[in-house]
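Undergrad: Before I ask anything, here is the structure I am working with.
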Amino acid sequence: MKFDNPLVQKLNQIADWIIRIVVINFLVILFSIPLVTMFNSFSSGYRLFHDYINKKNTKLFSGFFTYFKEYFKTRLMLGLLMTLFLVLGYLNVTYYVETLNQGAGLFYHLGYYVTISFLVGAYIVYLYLFPVSMVYPTMKFRLMIKLAFFVSGKFVIRTMLLIISTLVPFLLLFSSITSLIFVFAGVSLWLLIAVMITNEVTDYLERLGKKND
């Protein structure tokens, strides 16, 4: 069979993508085990998929390690900061739920909804920090968070799709067959979907940077 055959080329492309998805899934999970490096690890996988979606021939292993080490301390601190916000938001929601179950008044109901809004907002910002920190890795944390919040409002439909996409790994656990897919590709499939959803957002961020130069 000739290697320049369109069918062979298509099969090679499919095989390349399967290898990328499986390997990136393994690397992201492996480097997320310390937990504190989770944001760094997911960011590296996100950036690799962004390269591949945009036809960049970044090497798989060396590319991941390069991106993982790049601005390591900055992404580490940013990930820890956002994780702290999410944990505090979750603990506050838990507190208000327990208090409301005991028959608390209107003030606690207001506090509950405010806290829920904060938690959802922090989660959305966390998701958008992947493209923001990729395009502006040296930006101050406060500006990164503000920019992530801004683009989440500017691209509302994509924000909704991005939130829904985070259910993909969990949906794969509903059957024995898809559970196998989850083991080998659950995390990386979500990252790939997230890159596809936010690719227009990334383009916007890059154009924004050029305007400010």
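Undergrad: When the residues of region 77-101 are filtered to those that are over 24 Å from ILE145 (Cβ atoms) and hydrophobic (A, V, I, L, M, F, W, C), which remaining residue is modelled with the highest pLDDT?
TA: VAL97
Undergrad: Would you tally the residues in region 35-56 being of a type in the set (A, V, I, L, M, F, W, C), within 10 Å of the chain's Cα centre (by Cα) and closer than 14 Å to SER188 by Cβ?
TA: Number satisfying all stated conditions: 1.
Undergrad: Can you pull out the residues in region 128-164 that are among the β-branched types (Val, Ile, Thr), under 17 Å from ARG47 (Cα atoms) and open to solvent by 10 Å² or more (accessible area, probe 1.4 Å)?
TA: Answer for region 128-164, where residues must be among the β-branched types (Val, Ile, Thr), under 17 Å from ARG47 (Cα atoms) and open to solvent by 10 Å² or more (accessible area, probe 1.4 Å): VAL135, THR138.
Undergrad: Can you confirm whether region 72-80 contains a residue that is touching a helix residue (DSSP H, G or I) at 6+ places or on another chain (Cβ under 9 Å) and over 17 Å from SER32 (Cα atoms)?
TA: no
Undergrad: Is it the case, given these coordinates, that ILE197 is open to solvent by 40 Å² or more (accessible area, probe 1.4 Å), in a helix (DSSP H, G or I) and within 23 Å of TYR128 (Cβ to Cβ)?
TA: no
Undergrad: Given the structure, is ARG47 of a type in the set (D, E, K, R), open to solvent by 10 Å² or more (accessible area, probe 1.4 Å) and closer than 30 Å to LEU84 by Cβ?
TA: Yes, satisfied.
Undergrad: Return the only residue of LYS10, LYS56, LYS69, LYS2 being open to solvent by 90 Å² or more (accessible area, probe 1.4 Å) and modelled with pLDDT of 95 or more.
TA: On the way: LYS10 fails: modelled with pLDDT of 95 or more; LYS56 fails: modelled with pLDDT of 95 or more; LYS2 fails: modelled with pLDDT of 95 or more.
Going through LYS10, LYS56, LYS69, LYS2 in turn, just one is open to solvent by 90 Å² or more (accessible area, probe 1.4 Å) and modelled with pLDDT of 95 or more: LYS69.
Undergrad: For PHE31, only one of the following conditions fails: (1) open to solvent by less than 80 Å² (accessible area, probe 1.4 Å); (2) farther than 17 Å from LEU192 by Cα; (3) out of contact with any helix residue (DSSP H, G or I) (no Cβ under 7 Å at 6 or more places or on another chain); (4) part of a helix (DSSP H, G or I). What is its number?
TA: So PHE31 meets the others, but not (3).
The values are calculated or read from the model by the stated rules, or taken from the named source; none is laboratory data. What you are looking at is a predicted structure, and each value in this text was computed from that prediction instead of being measured. Counting neighbours? That spans all protein chains shown, and the Cβs are built from the backbone with ideal geometry, glycine included. Only protein heavy atoms, including side chains, enter the accessible area calculation; ligands, DNA and RNA are left aside. Shrake-Rupley method; radii C 1.70, N 1.55, O 1.52, S 1.80 Å.
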